[in-house]
Each structure stands twice: as C-alpha cells, then as structure tokens.
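Asker: There's a structure below that I have some questions on.
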Amino acid sequence: MWVTKRAVSVTYRRKVIEPHAPAPPGTPPPWAGPVRLPVRPGVGRFLVLAGVFVCAACGLVYELELVALASYLIGDSVTQASVVLSVMVFAMGVGSLLAKGLRRHAAAGFGAIEAALALVGGCSAMVLYAVFAWTGDWGGLWADGPRWLLVAFSLAIGLLIGAEVPLLMELIQRIRRQDAGGAVADLFAADYVGGLVGGLAFPFLLLPLLGQLTGALITGTVNAIVGGALVLGLFRRDLTRRARWLLVIANLTVLGVLAAAAVLVDDFERAARHAVYGDDVRVAVQTDVQEVVLTGGTGGRPLDLFLDGRLRVSGRDERRYHEALVHPAMNGPHARVLILGGGDGLAAREVLRHRDVLRVDVVELDAGVVRLARTDPALAALNGHAYGDPRVHVTTCDAFGRLRQARPAAYDVVIADLPDPGITASAKLYSQEFYGLARRALAPGGRLVVHAGPVSSRPRVFWTVDTTMRAAGLRTVPYRVGGRAEGFAAGPDRVTGASRAPRDWGFVLAAAGAAPRLGLDPQAPPPRTLTSASLAADARSVARTRLTGLAPSTLVHPAYTD
C-alpha cells in the first residue's frame with residue numbers, strides 16, 4: 001500500500017505539479033523545439049546564413065536607393081541621407097521589438113516579412129518617381145511639411161528589416177542550439193558581409209548597368225525568391241498546410257507585380273520623363289556621373305539641358321547668363337583661360353569671341369556632357385562648335401583636383417561655371433581652400449569669376465561665397481544680372497515651373513592684388529546683352545543687399561545655408 005501510494009504521488013507530481021514549475025534559466029519554450037529539416041542540420045544552418053547574407057545585401061540596396069533617389073529628386077544629399085538612415089535605423093529597432101511576438105511562428109513570420117519587404121523595397125523607387133513626375137514637385141507636399149512619402153518608405157522598410165533578425169535567430173537556434181553569443185556572431189557576420197556586398201553592388205553594378213528603377217525591381221525579385229525558397233524549401237515541415245499555400249500565393253503575387261513592373265519600366269520611364277520635362281525630349285542618357293536630358297532644339301523650339309533633373313541651360317536666355325559670367329573676367333590679360341565646369345561649351349564660346357586668346361582649358365567631371373556638346377547638332381550649334389577650335393583642350397576630372405595640380409601663375413583668367421553651392425557635392429568647390437588654389441593658379445593681374453547663385457532668392461549663399469573668397473585673400477567685386485522668369489536655374493532645387501526659376505544671377509569677380517575693374521574688354525566684340533554701364537549699375541544694386549557677419553565656408557565646415 002505504501003509503495004502504491006508513493007507511485008501515485010510521483011505520477012501526480014510529474015503530470016500535474018512539475019509542468020507548472022518554472023523552467024530553469026536558458027530553457028527554450030515548449031514551441032522552440034528542433035525544427036524538422038529536409039537536410040542535415042549543418043547544411044540547414046549554412047543555408048540560413050546564406051539567406052541572411054542575401055537579405056542583408058538587398059536591405060542595404062533599398063536604403064541606398066532611397067538616399068540616391070531622394071537626393072536626385074529633392075537635392076541636399078546630406079539632409080536626405082540623414083532622414084532616410086536615421087528613420088530606418090529607428091524603425092529597425094522597433095521592428096525587432098515587434099518581431100518578438102512572432103517567434104512562435106518564426107518560419108511563417110519570416111516568409112511573410114520577406115515577401116512584404118520585396119514588394120515595398122522593390123517598388124519604392126518607382127512609386128517615388130511616379131509621385132514626383134505626375135504631381136509636379138510633389139504637389140506641394142515637400143514645400144513646408146515633413147517629407148512624408150520618403151519617411152513612410154524608410155519607416156516601412158526599416159520595420160521589415162528589423163523584424164528579420166529575431167526570427168532568423170530563432171530559426172538558427174532551432175536548427176542547432178548553441179550559446180547566444182556564438183549564434184549572434186554567426187548571424188551578424190553574415191549580415192554585415194551581405195551589407196558590404198549590397199553597398200558595393202549598388203554604385204558599381206546596379207546603378208550604372210540597370211538604373212535606379214530596374215535595379216530596385218531586380219533587388220526585390222532576388223529578395224522574394226531567396227526568402228520564399230528558404231522558408232518553403234528548408235522549413236516547409238514546420239508550416240501548416242494553410243501557411244504554406246498562403247506563402248506560395250503571396251510570393252507568386254509579389255514576383256508577378258515586380259515582373260510586370262520590370263516589363264513596363266521603359267515605358268514608365270518615358271512617360272514619367274515626358275511628364276517632368278515636357279513632350280519634346282530628344283536625348284536622355286545616364287552617364288557615369290548623372291542623368292543628362294536634352295529637350296527642344298528643333299523646329300524653332302529652344303534647347304534645354306537638364307542635369308539630374310535640374311535645368312542647367314535654357315536656349316531662351318543662356319546667352320545673358322554666359323555673357324555676364326565670362327566677359328567681365330576677360331577685361332584684362334586673357335591669353336590663358338581655365339574654365340571649371342562648363343562642359344556644355346557655352347562659356348568656351350564666349351571666351352573664344354576674344355580673338356587674342358591662345359589656350360582654353362575646360363575641366364569637366366562628366367565626359368558624357370562634353371560628348372553631347374560635340375556631337376548633338378542643336379547643342380553644338382548653340383555653343384558655336386567651340387570644341388572644334390584647336391585652342392580648346394578638355395580634361396575630364398574633378399575641378400578641385402585639377403587646381404591642386406595646376407602650376408602657380410598658370411592662367412590669366414579662371415572661370416568657375418559650377419553647380420550651385422547649395423548642392424552638397426559642390427560645397428567643396430566653393431570653399432576657402434578651393435579659392436586659395438585658384439588664387440595660386442592666377443598670374444599677376446589675373447581674375448577669377450564665380451557664379452554664386454541668385455541674389456534675390458538666396459542672399460545668404462551669395463554673400464557667403466563673397467566672404468569665403470575674401471577669406472582666401474582675394475579682392476572681390478560682386479555683381480548680378482537679371483534673368484527671365486522662365487530662365488534656367490543652377491540652384492539645388494529642381495525647376496519644373498516658371499515660379500521656381502531665378503529672377504537674377506549673381507556673380508563675384510575677384511583678383512589676388514588690387515580689386516578688379518568691372519567692365520568689358522573694349523578690344524573684343526561687344527556682348528549682345530551687356531554694357532559697362534549696366535554692369536556698374538547692377539554692381540551698385542547688389543552692394544545694397546550685402547549681409548555681414550557671415551563665416552567663410554571651408555572643407556570641414558561648409559557654411560552654405562539659405
């Protein structure tokens with residue numbers, strides 16, 4: 001009897017009491033038992049880490065795609081990168097926390113997350129570009145309020161990427177239980193190496209070969225295939241029949257959407273390009289540096305040149321801009337001239353009107369622009385076939401690096417026909433160090449002229465350029481000329497309508513010794529749009545707008561803000 005009672009007591013304790021007793025620390029929950037795999041555990045673990053590698057590469061491509069497209073459509077790459085990356089990192093943390101509730105269904109949850117990530121990330125570039133193209137500068141969405149669309153995509157992609165890690169950790173541990181530190185090391189090693197590959201593939205493979213839209217779609221396709229294959233192939237025995245069918249349907253739907261978008265992407269790009277630039281797009285090429293678009297130039301329509309969506313040359317009034325940029329600097333010795341930028345050949349055209357010029361060196365970063373300026377009939381006619389003149393020599397390189405290599409006192413005139421300093425990538429070309437190099441390259445009595453942006457709409461930027469040039473030891477004479485409402489802009493913002501075009505163009509003429517005399521060379525053919533009297537009047541008017549107390553801009557402390 002005593003033995004019987006003891007046996008009953010032990011049985012009761014095992015069946016009733018012990019299941020409710022707290023599990024020892026580190027004991028996995030009941031649902032986290034070993035997963036049933038169709039392959040050996042070692043092979044399964046390798047396949048999971050390979051999936052981590054691919055998914056991490058895709059995730060980083062999505063991040064870089066958002067940064068690149070936002071910088072292209074909006075400008076100010078530092079701000080766009082900060083918005084995208086900070087929101088995405090925050091969202092990744094939130095996604096990791098939310099994914100804790102999915103650990104019980106880690107395989108199904110991971111499969112659903114990868115399908116959603118492939119769809120959202122793969123289509124993000126297309127959606128952003130479509131909204132921009134057909135609403136006209138984001139329909140006012142970006143003017144005053146936060147950049148909701150960019151933030152929404154960054155948040156969604158970050159949430160999905162962040163949710164991957166806890167689920168993958170759960171799957172790895174269920175294949176073969178190991179200490180947490182070792183599992184984290186393996187997972188993060190695959191993740192970080194995948195990020196490296198994705199980060200290098202985007203600028204060197206996807207962007208130049210496929211472009212932004214197709215590159216994102218291909219990345220989403222790879223993401224969906226790898227995520228779906230990993231779950232449905234390796235963890236299919238861990239899924240219910242209903243979950244397997246739902247994941248198959250979801251992945252096929254995502255792949256169908258991405259495939260349809262890839263088939264239609266060329267037609268979409270043409271339609272979007274016409275929505276942005278108008279119906280008379282003649283040339284649209286993606287060079288190694290930027291997108292170059294030419295519109296008009298035939299049938300009596302003025303030629304327009306767009307670089308990365310920003311109107312850089314307008315046949316309506318480019319002559320007024322280039323005459324104002326070049327001719328005041330040519331009032332003095334000008335046998336040797338250096339043009340920084342100006343790959344369109346229009347500044348060179350004005351320089352060559354001075355017949356006693358012996359040599360013109362054009363330094364242009366984008367060889368594709370120079371090639372178009374040579375070969376496109378309308379653009380070559382507009383620049384007077386300047387590149388056919390034997391005095392013109394072209395160097396394809398960065399303007400900063402070219403000035404560092406220039407011999408002291410090598411040039412009588414240096415003309416900086418460069419993108420506006422409000423574009424982050426151009427800030428170094430408006431720095432105190434840059435102007436110090438330009439000063440060194442000037443011969444005695446030489447002059448430097450800089451396009452410094454519109455005075456009326458961006459006075460702080462304009463006067464910061466003047467302050468920076470003076471900090472480099474140059475004596476300056478600022479001036480401006482009026483532009484037309486539909487004229488071209490060189491600022492950081494895209495111009496899609498007349499309301500955004502500049503009302504004036506600001507310039508700064510400088511010399512290393514005495515202040516240069518603002519005027520025109522009496523020995524040269526007179527410009528069509530300028531006179532010495534109008535230049536003097538414009539200089540007096542711009543002087544009344546001077547802002548004081550501004551700091552010079554340097555390489556480590558750029559100071560160009562509106």
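Asker: State which residue is most open to solvent (accessible area, probe 1.4 Å) when the search covers only the stretch 497-519 and only residues that are among the aliphatic types (A, V, I, L, M) and modelled with pLDDT under 95.
Answerer: Result: 514.
Asker: Scan the stretch 422-435 and tell me whether some residue there is in contact with a Lys or Arg (Cβ under 8 Å, 6 or more places away or on another chain), open to solvent by less than 10 Å² (accessible area, probe 1.4 Å), of a type in the set (Phe, Trp, Tyr) and closer than 16 Å to residue 468 by Cα.
Answerer: Yes, the conditions are met somewhere in the stretch 422-435.
Asker: Given the options 458, 439, 371, name the one that is at pLDDT below 95 and of a type in the set (Lys, Arg).
Answerer: Criteria check complete, one pass: 458.
Asker: Those residues that are among the aromatic types (Phe, Trp, Tyr) and touching a strand residue (DSSP E or B) at 6+ places or on another chain (Cβ under 6 Å), I need them from the stretch 255-300; list them, please.
Answerer: 277
Asker: Examine the stretch 237-248 for a residue that is farther than 16 Å from residue 63 by Cβ, touching a residue at least 12 places away in the same chain (Cβ under 8 Å), crowded, with 19+ Cβ neighbours inside 10 Å and of a type in the set (Val, Ile, Thr), and state whether such a residue exists.
Answerer: no
Asker: Residue check, residue 405 against (1) surrounded by fewer than 16 Cβ atoms within 10 Å (Cβ to Cβ); (2) touching a helix residue (DSSP H, G or I) at 6+ places or on another chain (Cβ under 9 Å); (3) modelled with pLDDT under 95, all met but one. Which one?
Answerer: (2)
Asker: So how many residues does the stretch 292-310 have that are open to solvent by less than 20 Å² (accessible area, probe 1.4 Å) and modelled with pLDDT under 85?
Answerer: Matching residues across the stretch 292-310 total 2.
Asker: Moving on to the next point. Could you check the stretch 178-195 and list, in sequence order, the residues that are open to solvent by less than 60 Å² (accessible area, probe 1.4 Å), part of a helix (DSSP H, G or I) and either more than 16 Å from residue 53 (Cβ to Cβ) or touching a Ser or Thr at 6+ places or on another chain (Cβ under 7 Å) (or both)?
Answerer: Passing the criteria: 181, 182.
Asker: Given the options 164, 170, name the one that is open to solvent by less than 50 Å² (accessible area, probe 1.4 Å), in contact with a Cys (Cβ under 8 Å, 6 or more places away or on another chain) and either farther than 26 Å from residue 43 by Cβ or assigned to a helix (DSSP H, G or I) (or both).
Answerer: 164
Asker: Residue pairs, Cβ under 6 Å, 6 or more apart or interchain, first in the stretch 201-229 and in contact (Cβ under 8 Å) with a residue 24 or more places away in the chain, second part of a helix (DSSP H, G or I) and of a type in the set (D, E, K, R). List them.
Answerer: 216/65; 227/114
Asker: Give the residues of the stretch 320-369 that are farther than 21 Å from residue 454 by Cβ, among the hydrophobic types (A, V, I, L, M, F, W, C) and open to solvent by less than 10 Å² (accessible area, probe 1.4 Å), sorted by residue number.
Answerer: Residues satisfying the conditions are 330, 337, 338, 339, 348, 351, 357, 360, 362, 363, 369.
Asker: Among helices (runs of 4 or more DSSP H) lying entirely in the stretch 341-431, which contain 2 or more residues that are of a type in the set (Val, Ile, Thr)?
Answerer: Once the helices (runs of 4 or more DSSP H) in the stretch 341-431 are filtered for at least 2 residues that are of a type in the set (Val, Ile, Thr), what remains is 367-375.
Asker: What are the pairs with Cβ atoms under 9 angstrom where one residue, in the stretch 263-281, is more than 21 Å from residue 379 (Cα to Cα) and the other, located anywhere, is in a helix (DSSP H, G or I) and open to solvent by 70 Å² or more (accessible area, probe 1.4 Å)? Sequence gap at least six, or different chains.
Answerer: From the stretch 263-281, the pairs are 271/134; 272/134; 275/134.
Asker: Evaluate the following for residue 258: is it under 26 Å from residue 529 (Cβ atoms) and within 27 Å of the chain's Cα centre (by Cα)?
Answerer: Against the criterion (under 26 Å from residue 529 (Cβ atoms) and within 27 Å of the chain's Cα centre (by Cα)), residue 258 does not qualify.
Asker: I need a count of the residues in the stretch 106-127 that are within 22 Å of the chain's Cα centre (by Cα) and β-branched (Val, Ile, Thr).
Answerer: Looking only at that region, the number is 2.
Asker: If we scan the stretch 150-162, do we find a residue that is within 18 Å of residue 121 (Cα to Cα) and without any contact (Cβ under 8 Å) to a residue 12 or more places away in the chain?
Answerer: yes
The values are calculated or read from the model by the stated rules, or taken from the named source; none is laboratory data. In this text, all values refer to a predicted model and were calculated from it rather than measured experimentally. Glycine also receives a Cβ, built like all others from the backbone with ideal geometry; neighbour counts cover every protein chain displayed. Calculation scope for accessible area: heavy atoms of the full protein, side chains included, ligands and nucleic acids excluded. Shrake-Rupley method; radii C 1.70, N 1.55, O 1.52, S 1.80 Å.
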